[in-house]
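**Student:** The structure is given below, and queries will be raised subsequently.
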Amino acid sequence: MLCPAASFAGDPDCSQEEPFTPFDTIDGDNPVTMQNGRVIELRASNKSKCAWGRISYGTPGEEIWTDRKDPSANEHEGFLGYTRIDSGSAKYTDAFKNDGKVMRACGSSQGVIECTGWF
């Protein structure tokens, strides 16, 4: 399990209104299906200009978070909205502003981490 120093609360003024799954991503796919069938997905809202992560078909304890970076930079802010599935088979992170940056969703299942492409 990961123990990041993370941002748990979403950005103010973010909403998950009119969500969509962006398919036009850089350096990877969205959504990503892991070998064990878990689905990691970046969701976004053009209305609020925010994005968030979702893990589906998972089990309690599996993790999801988002990363955000300036498109011209190599470094990124990680573990935004880090959370775990506590019951059921899916979990969303809080939503975070794009602010002219790109975002991706990452998830951890059975010790394997996979991330979507940047959007």
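The values are calculated or read from the model by the stated rules, or taken from the named source; none is laboratory data. In this text, all values refer to a predicted model and were calculated from it rather than measured experimentally. Neighbour counts run over all protein chains shown; Cβ positions are idealised from the backbone, glycine included. The accessibility values were calculated without ligands, DNA or RNA, using every heavy atom of the protein model including side chains. Shrake-Rupley method; radii C 1.70, N 1.55, O 1.52, S 1.80 Å.
**Student:** In terms of modelled amide H atoms, which long-range or inter-chain residues lie less than 5 Å from the amide H of GLY10?
**Tutor:** ALA95
**Student:** Around GLU41, what is the net charge, scoring Lys/Arg as +1 and Asp/Glu as -1 over all other residues with Cβ under 12 Å from its Cβ? Mind dumping the intermediate values first?
**Tutor:** Details: positive: ARG38, ARG43, ARG54, LYS91, ARG104; negative: ASP29, GLU114.
Cβ neighbours under 12 Å give a net charge of +3.
**Student:** Report Rg(Cα)/(2.2 N^0.38 Å) for the stretch 65-112, keeping two decimals. Could you put the intermediate results ahead of the total?
**Tutor:** Values: Rg = 12.2 Å, N = 48, 2.2 N^0.38 = 9.6 Å.
Normalised Cα radius of gyration, the stretch 65-112: 1.28.
**Student:** Next question, about the same structure. Please give the FRET efficiency for PHE23 paired with ALA90, using the beta carbon to beta carbon distance and R0 = 25 Å, rounded to the nearest 0.05.
**Tutor:** 0.80
**Student:** If the cut-off is 18 Å between C-alpha atoms, which aspartates and glutamates fall inside it for LYS69, apart from same-chain ones fewer than 8 positions away?
**Tutor:** Filter leaves ASP11, ASP24, ASP27, ASP29, GLU41, GLU77, ASP94, ASP99, GLU114.
**Student:** Same structure, new question: Over its Cα atoms, what ratio of radius of gyration to 2.2 N^0.38 Å does the chain give?
**Tutor:** Details: Rg = 12.9 Å, N = 119, 2.2 N^0.38 = 13.5 Å.
With N residues counted in the chain, Rg over 2.2 N^0.38 Å equals 0.96.
**Student:** Let me ask something else about it. If you take the beta carbon distance between THR33 and LYS69 as r and set R0 to 22 Å, what does 1/(1 + (r/R0)^6) give as a FRET efficiency, to the nearest 0.05? Could you put the intermediate results ahead of the total?
**Tutor:** Numbers: r = 24 Å, r/R0 = 1.08.
It comes out at approximately 0.40.
**Student:** With every protein chain kept in place and ligands, DNA and RNA left out, what is the accessible area per residue of the chain? Probe 1.4 Å, answer in Å².
**Tutor:** Computed with neighbouring chains in place, this is 52 Å² per residue.
**Student:** Another question about this same structure. Leaving out ligands, DNA and RNA, and with a 1.4 Å probe, what % of the accessible surface on the chain is carbon or sulfur? Write down the numbers at each step before the final one.
**Tutor:** Numbers: 2970 of 6210 Å².
Here it works out to 48 percent.
**Student:** Give the percent of DSSP beta bridges with both residues in the chain that are antiparallel, rounded to the nearest 5. Working shown, then result.
**Tutor:** Details: 31 of 32 bridges.
Close to 95 percent.
**Student:** What is the set of long-range amide H partners of PHE79 at a cut-off below 5 Å, with H atoms built 1.01 Å from backbone N?
**Tutor:** THR66
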